[in-house]
2 protein chains.
Amino acid sequence: MSFDRLIAKIIETGNPTVVGLDPKLDYVPDFIKEKAFEEKGRDLKGAANALWHFNKALIDAVCDIVPAVKPQAAYYEMYGWHGVKTLYKTIEYAKEKGMFVIVDGKRNDIGATMEAYTNAYLGSTAVDGKTFEGFGADALTVNGYLGTDGIAPLTAVCKENDKGIFVLVKTSNKSSGELQDRKLDDGKTIYETMGDMCESWGADTIGKYGYSAVGAVVGATYPEQLAEMRAKLPHTFFLVPGYGAQGGGAEGVAKAFDEKGLGAIVNSSRAVMCAYQKEGCDPKDFAGAARRECIRMREDITSFVTALKK
Amino acid sequence: MSFDRLIAKIIETGNPTVVGLDPKLDYVPDFIKEKAFEEKGRDLKGAANALWHFNKALIDAVCDIVPAVKPQAAYYEMYGWHGVKTLYKTIEYAKEKGMFVIVDGKRNDIGATMEAYTNAYLGSTAVDGKTFEGFGADALTVNGYLGTDGIAPLTAVCKENDKGIFVLVKTSNKSSGELQDRKLDDGKTIYETMGDMCESWGADTIGKYGYSAVGAVVGATYPEQLAEMRAKLPHTFFLVPGYGAQGGGAEGVAKAFDEKGLGAIVNSSRAVMCAYQKEGCDPKDFAGAARRECIRMREDITSFVTALKK
């Protein structure tokens, strides 16, 4: 139940990080793009094929040292349904390789419709008496603006199927404070209020490491809030975006963890996918460069989160 | 620019309503399902094929009397990428038939990722020097929890491409008040604050009818807030869900409109898609029943929004 499977993998690998798979076509080395276009065409179908080959090689390169991947739905949807097919194949392949898969879709809706999203990403859909997984992910990011109705269908499936969700609490972007930092009439900020809602939504799904199935997204770019939220939300597991390319450093990120070195997973997308560009190595070695960046990131973060270091 | 195209179609049809295409497989008559399963299989692919035939017949039945359709992404995503392909085909077909297409996806993310969603739904994606539309919709629903960064990429494309967005302000579900009705320290509620942000985000996209490209979702189930928001947000066009099946009546819904009968479009999904069940007619006449329900709804709403009545 809850994030126990993810936490067990983090302990096993000694690595509290997740590779974000947000594959812009510009990130894909030319030799992969050309081959993919020749196979499927110089269009959305060919582009989606290029993303698939890129993702597959990245997963192969890091699956033994990184516990999880986080495909960002937007970067697949921009290639239309062909892109969404690549999202499906990426999830399927990462799971085959033993990785925990978090779909970053920030989905949200009223209860009946949220059931449909739940079926799509974490549960299954019935067709003529049989059930099929639409995407079959392990966790999904969601937006809690609609309140409990929009969360309850997810927590029900998380309990049954050993899956989890991450609710947006304090996001990593510059303008996140415009709404999230505003103070309510009880003196609490909106993000604190959303954090409290996460603790409450997750209350009856607490697993063996002390964390519930309802996690929170808290950006690495706001280390003070990370520390504050870690102290206030003892059962809420954090997904921390914004490390690296967006500006969050390891020392700040370390504030998201508890004294056992648990309680959070830190995402890096561009720095891993584009490591070959930064390194200046042969683009054919892009997957090797991604692996080296994952090791560097693991060492950087565990140098502050020492309880987890193997 | 802005919602001018939609408003022109509303005036032309004398009908301020939109048909929500949220096609659960249970809503699809057996004769369509059986044929679709025989063609493509008793699985997600066959189910997606059934939804496609159902949607196509509904669009054919109402496209001359209803200005717009609103496919809800969740009900396609639950059938995996096959379902998303049906979403694409549905959008394409409704546009061919002259309808304005609002994708109800409630998307939200930080700026760079929101650009990807913008490309996916309202703009286009470049592949090898050519551009392609991922989904090619006319408008998209979005969630503003992340602030301006997450909205700016959309408004840029709305200005260039004559498209629009609807930001969640006050949603139609029971628990919408848990966060949205909370008061900030300046005495305003969160939904009022989000409404003010809509006016501000839309300020330089105001079209010839006085409405901007940044609309708001305000539920029919809260008529008092509809009236309040209509008065306070003079340039914000409303998408009003919750009429009919969710409990909102025409008299309440009428509060969303200005004195010219403009300023809002009211959604109905289940009551239209399942009209044949409620009527008890031959399921083969499901599309005819949907048309009759659309006419009933138009008459019901324009009996209160008399300025628009033809």
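See the values below:
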item	result
Top-ranked residue of the stretch A:261-310 - restricted to ones that are part of a helix (DSSP H, G or I) and of a type in the set (Val, Ile, Thr), ranked as surrounded by the most Cβ atoms within 10 Å (Cβ to Cβ)	A:Val272
Which numbered condition B:Gly98 fails, given (1) at the interface with another protein chain (Cβ under 9 Å from one of its Cβ atoms); (2) part of a loop (DSSP other than H, G, I, E, B); (3) among the small types (Gly, Ala, Ser)	(1)
Any hit, the stretch A:6-19, residues being surrounded by fewer than 17 Cβ atoms within 10 Å (Cβ to Cβ), at positive phi and away from chain B (no Cβ under 14 Å)	yes
Test: residue in the stretch B:188-205 that is modelled with pLDDT under 95 and assigned to a loop (DSSP other than H, G, I, E, B)	no
A:Lys170 being within 18 Å of the chain's Cα centre (by Cα) and basic (Lys, Arg)	yes
Subset of the stretch A:93-114 (residues that are touching an Asp or Glu at 6+ places or on another chain (Cβ under 9 Å) and over 23 Å from A:Ala61 (Cα atoms))	A:Gly105, A:Lys106, A:Arg107, A:Asp109, A:Ile110, A:Gly111, A:Ala112, A:Thr113, A:Met114
Given (1) buried (at least 20 other Cβ atoms within 10 Å of the Cβ); (2) of a type outside the set (D, E, K, R); (3) within 14 Å of chain B (Cβ to nearest Cβ), index of the condition A:Gly187 fails	(1)
Residue within the stretch A:213-220 that is in a helix (DSSP H, G or I) and either farther than 20 Å from B:Ser175 by Cα or under 20 Å from the mean Cα position of the chain (by Cα) (or both) present	no
The lone exception for B:Tyr75 - which of (1) of a type in the set (Ser, Thr, Tyr); (2) in contact with an Asp or Glu (Cβ under 8 Å, 6 or more places away or on another chain); (3) without any contact (Cβ under 8 Å) to a residue 40 or more places away in the chain; (4) over 28 Å from A:Ser172 (Cβ atoms) it fails	(3)
Residues of the stretch A:185-210 classified as without any contact (Cβ under 8 Å) to a residue 12 or more places away in the chain, out of contact with any helix residue (DSSP H, G or I) (no Cβ under 6 Å at 6 or more places or on another chain) and not acidic (Asp, Glu), total	5
Subset of the stretch A:237-260 (residues that are within 14 Å of the chain's Cα centre (by Cα), in a loop (DSSP other than H, G, I, E, B) and among the hydrophobic types (A, V, I, L, M, F, W, C))	A:Phe237
Checklist (1) touching a helix residue (DSSP H, G or I) at 6+ places or on another chain (Cβ under 8 Å); (2) not in a strand (DSSP E or B) applied to B:Gly177, failing item	(1)
Yes/no for A:Gln246 being over 16 Å from A:Val167 (Cβ atoms), modelled with pLDDT of 95 or more and either out of contact with any Leu (no Cβ under 9 Å at 6 or more places or on another chain) or not charged (D, E, K, R) (or both)	no
Conditions (1) over 14 Å from B:Asn143 (Cβ atoms); (2) part of a strand (DSSP E or B): number failed by A:Glu160	(2)
Criterion: at the interface with another protein chain (Cβ under 7 Å from one of its Cβ atoms), crowded, with 22+ Cβ neighbours inside 10 Å, not in a loop (DSSP other than H, G, I, E, B) and not hydroxyl-bearing (Ser, Thr, Tyr) - qualifying residue of A:Leu168, A:Leu87, A:Leu154, A:Leu140	A:Leu168
Residue match in the stretch B:74-82 (condition: more than 17 Å from the chain's Cα centre (by Cα) and either among the aliphatic types (A, V, I, L, M) or modelled with pLDDT under 95 (or both))	yes
Number of positions in the stretch A:115-125 that are under 15 Å from B:His82 (Cα atoms) and either among the β-branched types (Val, Ile, Thr) or more than 8 Å from chain B (Cβ to nearest Cβ) (or both)	2
Qualifying residue in the stretch B:86-93 (condition: hydroxyl-bearing (Ser, Thr, Tyr), farther than 24 Å from A:Met114 by Cα and at pLDDT 95 or above)	yes
Restricting the stretch A:105-114 to residues that are out of contact with any Phe, Trp or Tyr (no Cβ under 7 Å at 6 or more places or on another chain) and facing chain B (nearest Cβ under 8 Å), the residue that is farthest from B:Arg107 (Cα to Cα)	A:Gly111
Pair list, Cβ under 9 Å, 6 or more apart: the stretch A:13-31 residue within 16 Å of A:Leu44 (Cα to Cα), other residue among the hydroxyl-bearing types (Ser, Thr, Tyr) and in a strand (DSSP E or B)	A:Leu25/B:Thr125
Scan of the stretch B:115-124 for residues that are touching a Phe, Trp or Tyr at 6+ places or on another chain (Cβ under 8 Å), in a loop (DSSP other than H, G, I, E, B) and buried (at least 24 other Cβ atoms within 10 Å of the Cβ), ordered by number	none
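The values are calculated or read from the model by the stated rules, or taken from the named source; none is laboratory data. Given the structure is predicted, the values throughout are model-derived calculations rather than measurements. For neighbour counting, all protein chains shown are included, and Cβ atoms are generated from backbone atoms with ideal geometry for every residue, glycine included.
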